[in-house]
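Derivation of every value follows stated rules applied to the coordinates shown; laboratory data play no part. Please read these numbers as outputs of a predicted model, since none were measured by experiment. Methodologically, a virtual Cβ is constructed for each residue, glycine included, from the backbone with ideal geometry; neighbour enumeration extends over all protein chains shown.
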Amino acid sequence: MKRRFSSLLSVMLAVVLACLMPLMALADAMPADGVYEGSANGMGGAVKVAVTVSGGKITAVEVVEHNETAGISDPAIEQMPAKIVDAQSTDVDAVAGATVTSEAIKEAVKAALSGEETQEKAELEITLEPDVIVVGAGMAGLVASVRAAELGAKVLVLEQNYRVGGSANTAGGSISGACYQIQKDAGIEDSPELFYQDFVNLGGGEQYMNTEIAKVHAERSGEAIDWLQQDVGVEFSDKVDSGSYLTMDINRVTYTAGGASSGGGSYFVRGLMNKLQPYIDAGQVQLCLDTLVTDITLNEAGDVTGVVVGEKEIAAPSTVIATGGYGYCERWLKEFNFTNITSNDPNTAIGSGYDFARKAGAAFDNMDYSSCYGGSVPVTGFQASLRCNINYNGAVWINTSGDRVFNEPKATSMDKRTVWRTSDQNIIYVVLTESMLSDDQALFTGMMSNSAAFTNEEKINELIEKGYVFKADTISELAEMIHTPNLEATLTQYNEDVKKGEDSVFGRTDNLLSFEEGPYYAVYTVPYLMMTAGGPRINGSAQLMREDGAAIGNVYLAGEIIGSANIAGHNTIGGIGHGICATWGKIAAESAVANAGK
C-alpha cells in the first residue's frame with residue numbers, strides 16, 4: 001500500500017510540475033521591469049504588442065499595431081492580453097474563431113519577453129539576374145515560378161505578403177478541367193469542346209467571353225491538373241463531381257486531399273513550395289516576401305521592361321503579373337461594380353496588377369460584372385465580418401423602394417448574387433417580425449475563420465444601437481425609419497397572399513408567415529465579395545493586349561487577374577478559380593521563358 005501511495009504521489013507531482021513548467025519558464029526568463037515590444041505574424045501580417053513588466057510580473061499586454069481582419073480578430077485582441085496577464089504565461093487557450101490572431105499575440109509576447117530587439121527590415125538585395133520576374137506568390141504566381149524554373153529560367157518572385165499562397169491558404173481544394181487523369185480514372189468521358197460549350201451555355205453566350213482564351217483554357221486545363229499531381233506532387237483525392245455553384249453537364253471538378261472545405265487549397269501551396277524550394281536552394285529562384293511591387297517600367301514602345309520596388313528598378317526580359325484580383329480595393333470596386341460593397345477577400349488583393357495593366361495601356365473586359373454574395377452587415381466598414389441569415393424562416397427581401405425582389409426560398413446562389421448586385425445602391429433589407437425569431441436559429445453569424453453564430457437578442461440590440469437593424473411597432477413606422485415608401489403596400493399585399501396560401505407576386509409557397517403583428521425588424525445588408533470576375537485582356541499566350549489588338553511586349557498574366565468571366569462568362573463554375581491559377585500560371589511561364597530566349 002505504501003509503495004502504491006508513493007507511486008501515486010509521484011504521478012501527481014509530475015502532473016503539477018508539468019502544469020507549472022510554462023509558468024516557471026516564463027518567470028525564469030522575465031526581464032527587468034520595463035515595457036517591451038515584440039511582433040509575430042497573424043492573418044494579415046505583423047501583430048505588434050507592448051508588454052509591461054513590474055515587480056517581476058507581467059502587469060499589462062497591449063496590442064499596439066496590427067492588420068488583422070476587423071470583427072474576426074476583435075475577440076482575440078480583446079481577450080488574449082488579459083488571459084496572458086492572469087496566467088502569467090503565454091500557455092493559454094486561443095480564442096475560438098480567432099485562432100491565428102490568438103497565436104500571433106502569444107508569439108509576439110514571447111518575442112517581447114525574450115529581450116531580442118526587433119530587426120529593421122534590410123534593403124532588398126537581388127541575388128540573381130532574372131530572366132523572369134513573377135509579381136505575386138499566390139497559387140498562380142507559384143505555378144508560374146515552378147514552371148519557369150523547370151524550363152531553365154532564373155526567376156525572381158516578389159510577394160507583398162509575409163507568406164506565400166494568398167487566398168489558396170484558406171480556400172477549399174476544388175479545381176476543374178477536362179480530360180485529366182483523375183477524371184479518366186473515374187470513367188468520365190469528356191472533351192475540351194464540351195467544356196467550352198458549358199462556358200457558353202452557363203455563362204450567357206459567347207458575347208460575354210474572350211473566346212480565344214476560353215478555348216485555350218478548355219484545351220489545357222486538364223494537363224495543368226495532371227502536372228500538379230504528377231510533376232509537382234500535389235496530393236489529390238479521387239473524387240470527381242459537378243462542384244458547387246452552377247452544375248456543368250459533365251462531372252469535371254476534383255479536389256485535393258484536403259477536400260472542398262476551407263484549407264483544402266493549402267495542399268496546392270504546400271506541393272508547389274516543395275517543388276520550388278530546391279530551385280531556391282540552388283540559387284536559380286529568389287523568393288522575396290514582404291516585398292511590394294509599386295510600379296512597372298516601360299520603354300519608349302510601351303513594352304514592359306521590369307518592375308519597381310520602393311525606389312529600386314529591377315529589369316528582366318519577361319514579367320508575369322500574378323497579383324490576384326482587386327477584391328480588397330474599394331476604389332476599383334466602386335469605379336466599376338458597386339455603390340456599396342464589403343470584401344471577404346485577402347487584404348493583399350489591392351488591385352495593383354490592374355493599375356500596372358492600365359499604365360501599360362491594356363484593354364479591360366467584363367469589368368462591369370462581378371460576382372458577389374448577399375447579406376453582409378457592414379459593421380466594420382469595407383471589411384466584411386458579419387453576415388445576416390437572409391433565408392431566415394419567414395423573412396422577405398425588400399429594396400430601397402420597399403418592394404420585394406424575389407421568391408426568397410427558391411432563390412439559387414446565382415439569383416441571390418444578382419439581387420444584391422443589381423439592386424439600388426446594392427442595398428437590401430431583410431424584413432421579419434419578432435414572432436419569427438427563434439433561439440434555435442441564428443439571425444447573424446461571423447465570416448471567414450470566425451463563423452460562429454451570435455445570440456439573436458444580444459446581436460439585434462447591438463445592431464439597433466449601431467444603426468444596422470431597425471425595430472418598429474408598426475409597418476408604417478418601419479417604412480419611415482428605412483425610407484422605403486412602398487413597404488406598407490408591399491406587406492399588406494403579402495399578408496393577403498399568406499391568408500390565401502400563395503404569393504401572387506413571385507409564387508412563393510414555402511415559409512409563408514404573416515406580417516400582421518409586430519414588432520417588426522429590418523436588417524440593412526449589402527453584398528460581400530470573395531473574388532473579382534473581370535480583368536485586363538490577354539491572348540492565348542497570356543500576353544497582355546491593347547484595345548487595338550496589339551500585344552504589350554514582355555508581360556504576361558496569370559490567375560484571378562485574368563478574370564473568370566473572360567473565360568467562363570457570367571457565371572461561377574466549381575473549381576474555376578484554382579483552374580485559372582494552374583492553367584494560366586503554366587501558360588504565362590512558358591510564354592515568358594520563351595520570350596526571354598531560354
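In nm, what is the difference between 0.36 nm times the number of residues separating T474 and S262 and their Cα-Cα distance? Kindly include the intermediate steps, with their values, before the conclusion.
Details: separation 212, 0.36 × 212 = 76.32 nm, distance 4.26 nm.
Full-extension gain reported as 72.1 nm.
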What are the semi-axes of the equivalent ellipsoid for the stretch 343-476, taken as the square roots of 5 times the Cα gyration tensor eigenvalues, largest first, in whole Å?
-> 32, 18, 13
Determine by what factor the alpha-carbon radius of gyration of the stretch 80-187 differs from 2.2 N^0.38 Å, reporting the quotient.
-> 1.61
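Kirkwood hydrodynamic radius, the stretch 334-382, all distinct C-alpha pairs: what's the number in Å? List each step's numbers first, then the result.
Values: mean 1/r = 0.0779 Å⁻¹.
The Cα-based Kirkwood calculation yields 12.8 Å.
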Reachable aspartates and glutamates, given that their alpha-carbon falls under 20 Å from the alpha-carbon of K471 and they are not under 8 places away in the same chain | D403, E434, D439, E457, E458, E462, E480, E488, E516, E517
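Given a cut-off of under 8 Å on Cα pairs at least six residues apart, what relative contact order in percent is computed for the chain?
18
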How big is the Rg/Rh ratio for the stretch 532-587, C-alpha atoms only, Rh by Kirkwood, two decimals?
-> 0.97
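Tell me the relative contact order for the stretch 391-451 as a rounded percent, counting alpha carbon contacts under 8 Å between residues six or more apart.
Working: 48 pairs, mean separation 24.7, N = 61.
Averaging sequence separation for qualifying contacts and normalising by length gives 40 percent for the stretch 391-451.
Express as a percent, rounded to the nearest 5, the fraction of DSSP beta bridges in the chain (both residues included) that run antiparallel.
Values: 58 of 78 bridges.
Here the antiparallel bridges make up roughly 75 percent for the chain.
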Descending packing, highest mean Cβ count within 10 Å first, for 555-565, 279-289, 523-533, 163-173 is 555-565, 523-533, 163-173, 279-289
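For Cα pairs less than 8 Å apart in space and 6+ apart in sequence, what is the mean separation divided by the residue count of the stretch 323-381, i.e. the relative contact order in percent? Kindly include the intermediate steps, with their values, before the conclusion.
Details: 51 pairs, mean separation 22.7, N = 59.
Averaging sequence separation for qualifying contacts and normalising by length gives 38 percent for the stretch 323-381.
Please compute the alpha carbon radius of gyration of the stretch 281-367, then divide it by the globular-protein estimate 2.2 N^0.38 Å. Two decimals is fine. Intermediate results must be reported in sequence, preceding the final value.
On the way: Rg = 15.0 Å, N = 87, 2.2 N^0.38 = 12.0 Å.
Normalised Cα radius of gyration, the stretch 281-367: 1.25.
Given the stretch 374-422, what whole percent of its Cα pairs are spread farther than 12 Å?
On the way: 794 of 1176 pairs.
Of all Cα-Cα pairs in the stretch 374-422, 68 percent lie more than 12 Å apart.
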Cross-link reach list, aspartates and glutamates versus K48, counting only Cα pairs under 17 Å and skipping chain neighbours closer than eight places = E37, E62, E65, E68, D74, E78, E103, E107, E116, E117, E120, D290
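Run the helix sum for the chain: -39,500 (n - 2.57) per DSSP H stretch of 4+ residues, divided by residue count, reported at 222 nm to the nearest 500 deg cm²/dmol.
Numbers: 16 runs with 201 residues, N = 598.
Theoretical 222 nm ellipticity from helices: -10500 deg cm²/dmol.
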Quote the FRET efficiency, to the nearest 0.05, computed for T509 versus Q230 with a Förster distance R0 of 45 Å and r equal to the Cβ-Cβ distance.
-> 0.30
The chain: radius of gyration over Cα atoms, expressed as a fraction of 2.2 N^0.38 Å | 1.09
Run down the aspartates and glutamates and flag those whose C-alpha is under 15 Å from the C-alpha of K598, throwing out any fewer than 8 positions away in its chain.
-> E129, D131, E150, E590
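Can you pull the semi-axes for the stretch 181-335, root of five times each eigenvalue of the Cα gyration tensor, sorted largest first, whole Å?
Numbers: eigenvalues 217, 111, 52 Å².
Equivalent-ellipsoid dimensions as semi-axes: 33, 24, 16 Å.
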Among the listed pairs K57/K110; K459/K499; K215/K359; K215/K275; K410/K500; K154/K312, give every one whose C-alpha distance is greater than 24 Å.
-> K459/K499; K215/K359; K215/K275
Using label points projected 7 Å from each Cα along Cα→Cβ, tell me how many nm separate A453 and S438, to one decimal.
-> 1.0
Phi to ³J(HN,Hα) by Karplus 6.51 cos²θ - 1.76 cosθ + 1.60 over the stretch 553-569, Hz, x for Gly, Pro = x, 6, 9, 9, 10, 8, x, 4, 4, 5, x, 4, 5, 5, 9, 10, x
log10 I(q)/I(0) for the stretch 443-579, Debye formula on C-alpha points only (no solvent), q = 0.13 Å⁻¹, two decimals, reads -0.82
Are there GluC sites (Glu not before Pro) in the stretch 250-341 that DSSP marks as loop and that have at most 14 other Cβ atoms within 10 Å, and which are they?
-> E300, E311
